[in-house]
Structures are given as structure tokens and as C-alpha cells.
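The values are calculated or read from the model by the stated rules, or taken from the named source; none is laboratory data. Just so it is clear, the model here is predicted, and its values are computed rather than measured. Note that we place each Cβ from the backbone using ideal geometry, even for glycine, and neighbour counts take in every protein chain shown. Quick note on the areas: whole protein, heavy atoms, side chains included, nothing else; ligands and nucleic acids left out. Shrake-Rupley method; radii C 1.70, N 1.55, O 1.52, S 1.80 Å.
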Amino acid sequence: MRAVVQRVSHASVTVEGEVVGEITRPGLMALVGVTHTDTEDEARRIARKLWTLRVLDDEKSCSDVQAPLLVVSQFTLYGDARKGRRPTWQAAAPGPVAEPLVDAVVKELRDQGAEVATGVFGAQMSVGLTNEGPFTVIVEV
């Protein structure tokens with residue numbers, strides 16, 4: 001499982017003109033990708049990592065300051081563009097595998113006490129954010 005994590009002051013996801021997920025104060029935006037071999041154990045591990053990752057101001061984590069997270073599924077994180085001009089998506093898990101694992105990440109975060117907003121799995125989403133720093137890191141478990 002892989003996540004691209006950005007420190008944000010604001011982030012939102014819009015589907016068909018409607019805001020479906022939003023955080024309006026400093027926190028983290030996490031694009032989460034799932035591969036074929038991922039399990040609920042990886043989902044729990046990446047959720048705990050996101051919740052405790054010390055990347056906010058003064059090296060604080062979301063858990064330290066109760067900062068919100070916006071979690072959006074992103075199968076293209078497992079795209080491979082090393083050959084040719086068109087990426088392949090063979091390493092990305094199909095929807096029936098990936099969706100429950102992304103849901104498990106969100107559930108684990110909420111079970112840990114996090115405020116979590118989400119996108120809509122499989123939808124055409126418009127993501128807007130203000131990246132503070134800018135700060136972006138890739139997290140893998």
C-alpha cells in the first residue's frame with residue numbers, strides 16, 4: 001500500500017460539482033493506492049503511520065494536534081511509465097480489492113480518533129488543496 005501525503009491548510013474533493021469531502025484547517029491530504037498483495041494489515045499500518053507521521057508544524061503529528069485528514073483513493077499511484085509513453089496499471093489492485101482496503105484505512109484512522117474526510121471511490125473527482133511548505137512525502141508499508 002502506498003500513499004502520497006501532503007501537508008495542507010485546506011483540501012477538498014468535488015464530484016459532479018458537489019463538495020463530497022473537505023478539511024478546512026491544517027492537516028494532511030493522503031492519496032492512497034492499493035496493489036494486489038495488500039491486506040487489511042497493510043491498511044491498518046498505513047493508517048497508523050498517517051495518524052502519527054510527524055510532519056506538521058513543530059514536528060507534530062495529526063494525533064498530537066487532532067489535525068484532520070482527507071483520504072482519497074488513487075489507483076494511479078501504482079502506474080508504471082518506465083516503458084513507452086503510456087502507463088500501465090497492472091500493479092494497481094482492481095476496485096473490488098482496493099475499495100474495502102481504502103475503507104479499512106479510513107476506519108482505522110477514525111478508530112484512532114481522527115477526523116477524516118474522503119472522496120468517492122471510483123468517481124471522477126476534482127481535488128483542490130493548498131500544500132503548505134510545500135511538503136509532500138511518499139509513505140509505503
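Of note:
- Given charges at beta-carbon only (K, R positive; D, E negative), |dipole| of the chain in Debye: 520
- In this structure, the amide hydrogen of residue 10, modeled 1.01 Å from its nitrogen in the peptide plane, lies closer than 5 angstrom to those of 130, counting only residues at least 5 positions away or on a different chain.
- Annotation: per residue accessible area for segment 31-141 equals 59 Å², rounded to a whole number [probe 1.4 Å, protein chains only].
- The spread of Cα positions in the chain, taken along each principal axis and listed from longest to shortest, comes to 42, 34, 27 Å.
- Summing +1 for each Lys or Arg and -1 for each Asp or Glu among the other residues whose beta-carbon sits under 9 angstrom from that of residue 9 gives +1.
- Remark on residue 135: its backbone amide H falls under 5 Å from those of 7, a criterion applied only to residues 5 or more positions apart or on other chains, H modelled at 1.01 Å from N.
- Segment 53-121 has equivalent-ellipsoid semi-axes of 29, 17, 8 Å, by the square roots of 5 times the alpha carbon gyration tensor eigenvalues, sorted largest first.
- Rounded to the nearest whole Hz, the Karplus-based 3J(HN,Hα) values (6.51 cos²θ - 1.76 cosθ + 1.60, θ = phi - 60°) of segment 100-113 follow the sequence x, 6, 5, 4, 5, 4, 4, 4, 5, 4, 5, 4, 7, x, with x at glycine and proline.
- Ordering 112, 137, 91 by Cα displacement along the dipole of segment 70-141 toward the positive end leaves 91 in first place; charges were set at the Cβ atoms of Lys, Arg (+1) and Asp, Glu (-1).
- Each residue, residue 60 and residue 85, gets one label point 7 Å from its Cα in the Cβ direction; the gap between the two is 4.8 nm.
- Once backbone amide H atoms are built at 1.01 Å from N, residue 79 has no partners under 5 Å, excluding neighbours fewer than 5 places away on the same chain.
- Eigenvalues of the alpha-carbon gyration tensor of segment 1-80, scaled by 5 and square-rooted, set the equivalent ellipsoid semi-axes at 21, 19, 10 angstrom, largest first.
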